[in-house]
Structure formats: C-alpha cells, structure tokens
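Notes follow once the structure below has been shown.
The values are calculated or read from the model by the stated rules, or taken from the named source; none is laboratory data. Every value quoted in this text rests on a predicted model; they were computed, and no experiment measured them. Methodologically, a virtual Cβ is constructed for each residue, glycine included, from the backbone with ideal geometry; neighbour enumeration extends over all protein chains shown.
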C-alpha cells in the first residue's frame, strides 16, 4: 500500500476509521430513535460508501438528481428516494425506466410539477410514489405548512401518482449560532412535518412516511414522535462547517485534502496548490471563517482562487515551500463533486482509490 | 440538430457566434498591440476551443496544472506554458516526460520550488524553461519586485533550468471598482513586469518573454512597451463578473446555463434546478450581487445550495413551474470545471456536445 506521502497533491483523502465510526454512530442513533435511516448519498456519491451505510442498517438511500439515481441503480441499489422536486417530461421518462428496477420515490411541492410526472406515468399504466415537500422554515423549496393539505389533495388525485409521505429539510440549521438553536430547529423540523402528516391523514390521505433531514438537526428531529425516517448526508464525512456548528469534533472529519505549499512569497503568506477547484468556494457555516482548517496549524486557508489556497500565516505557524499540509474543507459534499476520485486511507497509508461514480450528474 | 428546448436541464450552453467573436476580438487586439496571445485554456478546458484560438492567431496556450498539460499534449498541442509555480519531484518527472513532445515552460517563484524541478531535469541531461512569477500587487504568488533579481539569479544558476522570462497576473483587477481603476491596474501590471525584466537583463540574465495576464487588464497591460505576451483566459466565454467589471457587455457572454424552474413556493421566490453544483458558489465580482443574471428577467439568482438556485422575484418578473430560464453565471471558468460536457449552440439549436476534456485535473 502506498504511503500518503507518495500521492500527487492535491488529493482528497477519506480516513476509513473515521468513516466507519461516523456510519456506525448515526446508524445507532436512528436505531435508538426507532426511525429508518436513509442517508443522502450526495455527500460521497460513491456506491461503495452507500453499501457500508446499508450494511450498518440504513433502509435505503436519498439522492437529488435522476442521473444520480441511474448511477446507483446501475450499481445495484434498489431503494432510492429522490428528495427533490423533479419536474419535466424528460426526467419523468427516465424515472419510469428506473421504476422498473428500483423501489423509487420522488419529491414534489407543486401540482404543476407533479402533473409533469403524472402525464408520463399514467399513460404507461404505472404509479410513481411521491413525497410532498414541506417547508419547515428553510425558505427554499417545499409548500408552506398552511398550503400542504390543499396541494396534497390535488397531487393525490393525479392519475399515475401515489402520494406516500411528507418530507422536509431544515437547511436553516446551517445558519444557526448555537447547539441550542440547532436543537430547537431540529425539534421544529420534526414537529412541522409530523403535524402536516397528521392533517393530511385527518383528511383521509394515507401518509406512510414522515421524513426529516440534515446532519445538524438529525439527532433532534428523528426523536420527534411521528417521524419515521431520517436523511442526513454530511455526517458520513463531516467537515469544517459541522465542526463550527458543534455537530462534530475535528477528529470526526473523515475527509481531508492533502496539499503542497507551492509558494511562501512573504512571511505572513503561504500558498497551497489547492484552490476553489479542489476545495470549492463554499463559505464556512454558520459564519464565514476562511476556506479550510489546517491540521496541526492555527492558520486557516484565508482566500481562494481556482488553483491557489492563500494562507494568512498566524504567529507561531511556519510554512516551507514543498511542505505538505492537510486541509479540512468547509463543505465535504461539494468537494466530492469536484473530484473524479478520492483516496481511502487508514493509518497513514492509501488503501484504495475510489471513483466518485455519481460526480457531476447534474440532470 | 436538437433544439435547446430538448436538452435536459441544467445544461451549460456555449453560443458559437459569441465565442467566435470573442476569440476574434482578442486576437485582433493582441495583433494590434504587437504581442503574442497565449490564452489561458483553464476557462474552457476543451482542446477544440483552444484550436479555434490558435487558428485565430494565438501562439500557444497557458494552463495551470501538469495534468491539464498532459490532456492538451495528448490532443496535439505543442506549445504550453504552465503559468503556475510547479513544485515537487512527482510533477517534475511528469514535466520531464511532457518536455519530450511539447515546447514547455513552467512558472516558478522560489529557489526551493525551482530546485525540485532542477533535481529531476539536471540528472536527465535536460533543461526546463522557467518563467519567474512577479507579484504586481495581487498578493497571491509571485516574488515581490524588489526580490526578483535575487531569486532570478539563484534560479538561473540551477542545473537543468533555463530562466527564459518573467510573468505576472493582476488578479486584483477583479476587485477594482471602475474601468479607470482596471486600466490603471493593467498599466501597472505591464510596467511592473517590464521593469523587472529590465533589471534582470541589466544583471546579464537573458529574459526573452515578458508576459501579462487577466481578461480585465489585457487591453491595457498588453500595450505597455516591453511586454511580449498576454495570457487572458476568461474572455473566450465571459461571465456576469466581466459584465459587472465593465470588461464586456451581457451579449458578449458565450456561456449560459439553461435551467428549469422546479418550484415557486411563494410569490416572491422561484427555485431553479441549477445550484452550486452547476453554477459554483463563486461570488460576483467586483462586488457580491447574487449568483447569476437571468436573461430577459430583472431578478437574479440570490442564493444557492448544491442543487437549488433560489431566485428572489422582483416586481414585474414572474416564474412558472416548468419554465426554462437562461442563467449567465458569475464565473465561467469554474462552471467549466463542474461539467463533463458543454453544448455548443447556434441560433437556438445544439450543434454539438463537447467533452470538457481537462475538467477536474487537479494535480
């Protein structure tokens, strides 16, 4: 096995010990809460990692894009939820083909969007399982709770569609300042979707799944009575934003980027060969704070251009041209999407190169 | 030929009429200024586009990464400048192999970095052409002008190395507020590198190339006496940041992203199926201002998550679920790096799908 030192930089490393611990911890948490765990596989985009999650007890996987589902279906996965409002005839036709071989469900948050799916499934004599997205405060997609019943009724009447559940995602947790506020958001997330499910059931709709998401809120939302499923994604790797949010410790970050110092043009500045093409330009959450922690250093990556990570060197740190450093990126999911492969490591050695099979599947 | 309407969204479109005009305009500008044009091919990462640039008169291409040079060398390009301080034995060995078949030059800004290349080229009985990077105010990489002569002398003494020129890049232009300040930065860029070349020549060093860069500053820097070469990249596509900087008009943007409105959850909010995985999270330059212009709309993409582009709908605009929109992204180069292919269009029809051959070459 290759030592990490022999890898060309920059390279994305996944520490297997940390990965396995992260997977086991979330699986135990979901088991204890009595909910199904359906990890969002967007974080890694790697069938082999999703298999580890299933082996630890996950019931299936969540994804966002039809093209991602195609990759995972080809890799043998047969229970996939596209937690995204899929819209359009072209994608509906691909979903129809997928539903021949996969237990598939798909998000929706509008009658107009759901109709584009209905118009393909109904003539084929098939029914697509839809989950209604509820906005629990993230102000992204999802029907507002007060409109949930009206939209659900209309969707449930569409031919070729079976409304099977409700789901939500508390993206606002990534802007929350304290563990207490994250916990409160998580409880609200669970409450919002469980109470929407209650209203829909009260109107005679059969709502089987009540699904929550997000790594920061998962421990709180999954414990709300009525919740049946949890879809965290990031926990598998974690990142600097999760550390800053208090979701995990630095040692729980399975993903690091090994980079080389290519320039020390001034005493207070060092430049790495990892820029936004490697680390992405996603900001640190919940508050801006550079573009990556450096293991064993107090300095951070302060600014990025495509191929340059500029470190403002703080007192006590020093950097040498040619030195290798390890960067904990702000956002692991987007780093996965930038790279054709990541390297699985254990104890300082490379155990394998994993293709990021579903990278770049935008449609 | 397929109509654009038949493409699955999101998809990156390159308008060939605009592309050809952009290539011709920059070629004419360089010819008039009497400098060689060496486009930075990072913007497109596509050999076919670089061939169009060469056909219009470009002398060669610039790239940043050894892996990018390998892709372009395999595609038949034989004059490549890696405008980046390459460091390390592994990359030096790959450069040695490349230099068998390509007229290759490489950036350097430190004796320590240059030595890692020397230690591979000298034992092989070969010489690598190095260009010394000068910092003209960007505070990224590059020796400060006052240290240029000292570093150049040391590099020039290394076995296996031939110091052939100096280069710079005025990245600070992307933060400049007015066309006047960009012009001033461009003139300073040319002056800084030309005067460094003068000092090195005065000390007996043979400096043949004096190279400037950047799309905003190119028209100004290339006209400075003593400059021999210009390396703009972005001009080939342009983007919302170039429009905001005043470098081009909106109609000069060859790259757009076609996206579908997947949700209109509130009257003042519409959500596109293009998020940071498609558009990147790079901010608008020179000042933040959302994440993409929408053709024919006053609203902008206001915030992004990976698969969601959230539009704050301004008065007078309206969006329907299923509607297609065209987004002019903030930063074309990073969009190229996110996508396996782009679609060449002309007059509303798709003429071809171009693989982004050098996408994701991080090492």
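Determine which member of the set A:140, A:94 is more than 24 Å from residue B:303 (Cα to Cα), in contact with a helix residue (DSSP H, G or I) (Cβ under 7 Å, 6 or more places away or on another chain) and at the interface with chain B (Cβ under 9 Å from one of its Cβ atoms). Step by step, each of A:140, A:94 is checked, and only A:94 is more than 24 Å from residue B:303 (Cα to Cα), in contact with a helix residue (DSSP H, G or I) (Cβ under 7 Å, 6 or more places away or on another chain) and at the interface with chain B (Cβ under 9 Å from one of its Cβ atoms). Residue B:321 meets all of the listed conditions (1) within 13 Å of chain A (Cβ to nearest Cβ); (2) within 26 Å of the chain's Cα centre (by Cα) but one, namely (2).
In region A:175-189 there is no residue that is touching a helix residue (DSSP H, G or I) at 6+ places or on another chain (Cβ under 7 Å) and within 13 Å of chain B (Cβ to nearest Cβ). Take residue A:33 and tell me if it is more than 17 Å from residue A:91 (Cβ to Cβ), in contact with a helix residue (DSSP H, G or I) (Cβ under 9 Å, 6 or more places away or on another chain), within 14 Å of another protein chain (Cβ to nearest Cβ) and at pLDDT 95 or above. Taking the combined requirement at face value, the residue does not satisfy it.
Can you spot a residue in region A:170-181 that is closer than 21 Å to residue A:105 by Cβ and not assigned by TED's automatic domain parsing to the domain that holds residue A:346? Yes. Restricting attention to region A:249-270, which residues are more than 21 Å from residue B:280 (Cβ to Cβ), surrounded by 21 or more Cβ atoms within 10 Å (Cβ to Cβ) and touching a residue at least 12 places away in the same chain (Cβ under 8 Å)? A:253, A:254, A:256, A:258, A:260, A:261, A:262, A:263, A:264, A:270 - these are the residues of region A:249-270 that are more than 21 Å from residue B:280 (Cβ to Cβ), surrounded by 21 or more Cβ atoms within 10 Å (Cβ to Cβ) and touching a residue at least 12 places away in the same chain (Cβ under 8 Å).
Mind counting the residues in region B:271-286 that are under 10 Å from residue B:319 (Cα atoms) and surrounded by fewer than 23 Cβ atoms within 10 Å (Cβ to Cβ)? Number of matching residues: 0. None of A:80, A:86 is modelled with pLDDT of 95 or more, in contact with a helix residue (DSSP H, G or I) (Cβ under 6 Å, 6 or more places away or on another chain), crowded, with 16+ Cβ neighbours inside 10 Å and in the same structural domain as residue A:156 (by TED's automatic domain parsing) except A:80. The set of residues from region B:1-10 being in contact (Cβ under 8 Å) with a residue 12 or more places away in the chain and either in contact with a helix residue (DSSP H, G or I) (Cβ under 6 Å, 6 or more places away or on another chain) or more than 14 Å from chain A (Cβ to nearest Cβ) (or both) comprises B:1, B:10. Within the option set A:139, A:110, A:105, being buried (at least 23 other Cβ atoms within 10 Å of the Cβ) and within 18 Å of residue B:308 (Cβ to Cβ) holds for one residue only, A:110. Could you check region B:212-316 for strands (runs of 3 or more DSSP E) lying wholly inside it with 1 or more residues that are closer than 24 Å to residue B:348 by Cα and within 14 Å of chain A (Cβ to nearest Cβ)? Per the criteria, B:255-266, B:269-272, B:300-304, B:309-312. Any residue that is modelled with pLDDT of 95 or more and closer than 30 Å to residue B:17 by Cβ - is there at least one of those in region B:121-132? No. Scanning region A:122-153 for residues that are within 27 Å of the chain's Cα centre (by Cα) and on the phi > 0 side of the Ramachandran plot turns up A:137, A:139, A:142. The residue of region A:330-355 that is nearest to the other protein chains (Cβ to nearest Cβ), among those that are in a loop (DSSP other than H, G, I, E, B) and either surrounded by fewer than 18 Cβ atoms within 10 Å (Cβ to Cβ) or out of contact with any strand residue (DSSP E or B) (no Cβ under 6 Å at 6 or more places or on another chain) (or both), is A:340.
Conditions (1) touching a strand residue (DSSP E or B) at 6+ places or on another chain (Cβ under 8 Å); (2) part of a loop (DSSP other than H, G, I, E, B); (3) buried (at least 19 other Cβ atoms within 10 Å of the Cβ); (4) away from chain A (no Cβ under 14 Å), marked per residue:
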position: B:12; (1), (2), (3), (4): yes, no, yes, no
position: B:17; (1), (2), (3), (4): yes, no, no, yes
position: B:25; (1), (2), (3), (4): no, no, no, yes
position: B:42; (1), (2), (3), (4): yes, no, yes, no
position: B:53; (1), (2), (3), (4): yes, no, yes, yes
position: B:76; (1), (2), (3), (4): no, yes, no, yes
